[in-house]
Amino acid sequence: FKNTIKTIKYHVLLMSGGPGSGKGTQCEKIVAKYGYTHLSSGDLLRAEVASGSERGKQLQATMQKGELVPLDTVLEMIKEAMIAKADVSKGYLIDGYPREVKQGEEFEKKIGAPALLLYVDAKAETMVKRLMKRGETSGRADDNEETIKKRLDLYYKATEPVIAYYEKSGIVRKINSELPVDEVFAIVEKAIDELK
Ligand SMILES: Nc1ncnc2c1ncn2[C@@H]1O[C@H](COP(=O)(O)OP(=O)(O)O)[C@@H](O)[C@H]1O
Ligand SMILES: Nc1ncnc2c1ncn2[C@H]1C[C@H](O)[C@@H](COP(=O)(O)OP(=O)(O)O)O1
Ligand SMILES: [Mg+2]
């Protein structure tokens with residue numbers, strides 16, 4: 001694995017922001033326009049849960065509490081998914097990782113340096129409102145009031161420092177996600193088009 005991952009020569013974009021800020025929504029639009037490979041850590045974890053494996057059961061319990069699953073598990077999943085797409089990928093869009101500074105450090109060590117971090121920013125009040133609405137239909141075990149509160153707390157405590165960590169390398173672009181989806185995407189497009 002180690003050697004394979006080093007041959008990845010395309011852009012790696014990170015999508016960061018709070019729960020319900022609109023990461024997944026913007027990722028879908030990015031994939032449609034730019035053809036990047038979208039890897040959502042949450043989706044990868046939920047797929048493992050859906051498989052019914054023993055590991056999946058443990059992950060489900062952690063996610064239901066709004067806590068972070070072990071770093072090694074999620075990084076290994078992302079790495080494997082990246083390698084599986086290495087031949088066909090035009091670039092990678094990593095959604096939901098890193099969620100803590102340590103995850104960022106390990107990513108750099110084991111995979112490489114990202115080209116851009118899109119910081120999808122919305123107010124806490126907005127995020128809660130969107131997640132409660134999403135919860136009406138998402139079927140997600142973590143889209144309930146109690147877990148949402150924990151996820152938000154953890155976001156401010158563990159994930160926001162990740163953004164400060166990457167700001168030092170000048171790759172952070174802040175995206176105002178209070179705007180309507182298409183207006184948010186216009187800002188995203190600008191940030192991506194500046195690459196190269
Ligand atoms: N700019 C926006 N304006 C209004 N609603 C939005 C916007 N972006 C996302 N949403 C809605 O908010 C909810 C959470 O979005 P999602 O993309 O799943 O966020 P995340 O992946 O960051 O948790 C979804 O129901 C989505 O339709
Ligand atoms: N990088 C990561 N490290 C640890 N746990 C993670 C993780 N990414 C996702 N998880 C776990 C904990 C999260 O609360 C849960 C859902 O993640 P998600 O689908 O990315 O949420 P959202 O899109 O609402 O921000 O999965
Ligand atoms: Mg998401």
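The values are calculated or read from the model by the stated rules, or taken from the named source; none is laboratory data. Note that this is a predicted model, so its numbers are computed, not measured. Neighbour counts are summed over all protein chains in view; Cβ atoms, including those assigned to glycine, are modelled from backbone coordinates with ideal geometry. Just so you know, the surface numbers come from the protein's heavy atoms only, side chains and all, with ligands and any DNA or RNA stripped out. Shrake-Rupley method; radii C 1.70, N 1.55, O 1.52, S 1.80 Å.
Return the Rg/Rh ratio of the stretch 1-153 with Cα-based radii and a Kirkwood Rh.
Numbers: Rg = 15.4 Å, Rh = 16.1 Å.
Here Rg/Rh amounts to 0.96.
Taking 2.2 N^0.38 Å as the expected size of a compact globular protein, what ratio does the Cα radius of gyration of the stretch 79-196 give against it, to two decimals?
1.17
Kirkwood hydrodynamic radius (Cα pairs, Å) of the stretch 66-118?
Evaluated over the stretch 66-118, this radius sits at 11.9 Å.
If you average the alpha carbon positions of the stretch 98-169 and of the stretch 24-75, how far apart do those two centres end up, in angstrom?
One Cα centre to the other: 12 Å.
At what distance in nm do the modelled label points of residue 67 and residue 146 sit from each other, each positioned 7 Å from its Cα along Cα→Cβ?
1.5
What per residue convex hull volume, in Å³, do the alpha-carbon atoms of the stretch 4-70 yield?
130
Taking a threshold of 21 Å on the Cα-Cα distance, which of the pairs 150/190; 65/157; 57/123; 149/174; 109/157; 102/190 fall above it?
Check vs 21 Å cut-off fails for 150/190; 57/123; 149/174; 109/157; 102/190.
³J(HN,Hα) across the stretch 54-59 via Karplus (A = 6.51, B = -1.76, C = 1.60, θ = phi - 60°), whole Hz, x for Gly/Pro?
So the J values, rounded to whole Hz, are 4, 4, x, 5, 5, 4.
Any idea of residue 153's accessible area? Nearest 10 Å², probe 1.4 Å.
For residue 153, the solvent-accessible surface is approximately 80 Å².
What are the GluC sites (Glu not before Pro) within the stretch 50-153 that DSSP puts in a loop, where the Cβ has at most 14 other Cβ atoms within 10 Å? Don't jump to the answer; show the numbers that get you there.
On the way: sites: 54, 67, 76, 80, 100, 105, 106, 108, 125, 136, 145, 146; in loops: 67, 100.
Counting only loop positions with at most 14 other Cβ atoms within 10 Å, the GluC sites (Glu not before Pro) in the stretch 50-153 are 67.
Using the Karplus curve 6.51 cos²θ - 1.76 cosθ + 1.60 with θ = phi - 60°, work out ³J(HN,Hα) for each residue of the stretch 31-43 in order, rounded to whole Hz, and write x for Gly and Pro.
4, 4, 8, 10, x, 5, 7, 8, 10, 9, 4, x, 5
Can you give me the relative contact order of the chain as a percent, contacts being Cα pairs under 8 Å and 6 or more apart?
Working: 274 pairs, mean separation 65.6, N = 196.
Relative contact order, the chain: 33 percent.
First obtain the Kirkwood hydrodynamic radius of the stretch 133-191 from its Cα pairs, then insert it into the Stokes-Einstein equation at 20 °C and 1.002 mPa s, and state the resulting D in µm² per second as a whole number. Mind dumping the intermediate values first?
Numbers: Rh = 13.9 Å.
After rounding, the answer is 154 µm²/s.
Less than 10 Å Cβ to Cβ from residue 147, Lys/Arg counted +1 and Asp/Glu -1: what total charge do the surrounding residues give? Can you show the working numbers first?
Values: positive: 65, 140, 149, 150, 151; negative: 67, 142, 143, 145, 146.
Overall, the nearby charge balance is 0.
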